[in-house]
Amino acid sequence: MQLRDAIFTRRDTRHFTSAAIPDDVIANALAAAHAAPSVGLSQPWRFVLVKSVEVKQQIKALFDDANQKALRQLQENERAEKYGNLKLEGILEAPLGMFVFCEQPPEDEFILGTITQRDTLTWSVACAIQNFWLSLTEAGFSMGWVSIIDMTRLSEIIDVPANFHPLGYFCIGQPADDYQGIPMLERDQWAEPKAGPWVKWV
Ligand SMILES: Cc1cc2nc3c(=O)[nH]c(=O)nc-3n(C[C@H](O)[C@H](O)[C@H](O)COP(=O)(O)O)c2cc1C
């Protein structure tokens, strides 16, 4: 697959088959993530892979709590019913799950490039996540980003150092639906994508 095809066919996936993910698919995706650009060559990405059904169930419970909160926020809104019908995760179905963290270095550690924008560390991890996603896509697999989780409650589930800041939880596996080649939120008429990027030349 050409890079361009991977970029344009990559989808956020919430529907998975039960097919196992070959070890080399994950190894290649992790290698691609590790080749991402990072501020000051800090490479602050940290990955926790989740196979345990029990841990997945705990994550799903956190998702359900947060999703109920989102629904309550929409309560009086005509979109509440539509929101309730969207499938926004595949936590229990996906054969593999993954938390991705940004390890925050000590405040007094000098990291080239972070002096004015500390968030550059987090953005570096987002670059790694995209590489991981494209690598999965190239191999015929995919993942879905789950941000509807109260990450302050993560310590109830897994033990990671306090300076590991979570970017999200990811459901990984073989897609069971290609959403007709467009974002699922577009297919399900939740959101309309913009025709192109906002660009200004000066
Ligand atoms: C930071 C981030 C958080 C996201 N969180 C969720 C989520 O919690 N649940 C979900 O269903 N999709 C989530 N998505 C996926 C987006 O909805 C999706 O990328 C967008 O609709 C475009 O679809 P596509 O990725 O298939 O092109 C998230 C995406 C990003 C980049």
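The values are calculated or read from the model by the stated rules, or taken from the named source; none is laboratory data. Every value quoted in this text rests on a predicted model; they were computed, and no experiment measured them. In this analysis, Cβ positions are derived from the backbone assuming ideal geometry, glycine residues included, and neighbour counts consider all displayed protein chains.
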Check SER52, SER38 and return the single one that is in contact with a Pro (Cβ under 7 Å, 6 or more places away or on another chain), at pLDDT 95 or above and within 20 Å of GLY168 (Cβ to Cβ).
SER38
So which residues in region 80-108 are free of Cβ contacts under 8 Å to residues at least 60 places away in the same chain and among the charged types (D, E, K, R)?
GLU81, GLU107, ASP108
Exactly one of ARG4, ARG11, ARG79, ARG72 is among the charged types (D, E, K, R) and touching a Phe, Trp or Tyr at 6+ places or on another chain (Cβ under 7 Å), and that one is ARG11
Pairs please, first residue from region 48-69 and polar (S, T, N, Q), second anywhere and surrounded by fewer than 14 Cβ atoms within 10 Å (Cβ to Cβ) and in a helix (DSSP H, G or I), Cβ atoms under 8 Å, 6+ apart in sequence or on different chains.
GLN58/GLU156
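Could you list all residues from region 9-39 that are surrounded by fewer than 16 Cβ atoms within 10 Å (Cβ to Cβ) and within 16 Å of the ligand (Cβ to nearest atom)? Show your work before the answer.
Step one: list which residues in region 9-39 are surrounded by fewer than 16 Cβ atoms within 10 Å (Cβ to Cβ), which gives 9, 17-20, 22-24, 27, 31, 34-35, 37.
Hit for region 9-39 is THR9, nothing else.
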Looking at TYR169, is it in contact with a Lys or Arg (Cβ under 8 Å, 6 or more places away or on another chain) and within 15 Å of the ligand (Cβ to nearest atom)?
no
Output the number of residues of region 108-150 satisfying the condition of being surrounded by fewer than 22 Cβ atoms within 10 Å (Cβ to Cβ), of a type in the set (Phe, Trp, Tyr) and more than 12 Å from the ligand (Cβ to nearest atom).
1
Residues satisfying the stated conditions in region 172-202, i.e. within 11 Å of the ligand (Cβ to nearest atom) and β-branched (Val, Ile, Thr):
ILE182
Checking GLU81 against (1) at pLDDT 95 or above; (2) more than 14 Å from the ligand (Cβ to nearest atom), the condition it does not meet:
(1)
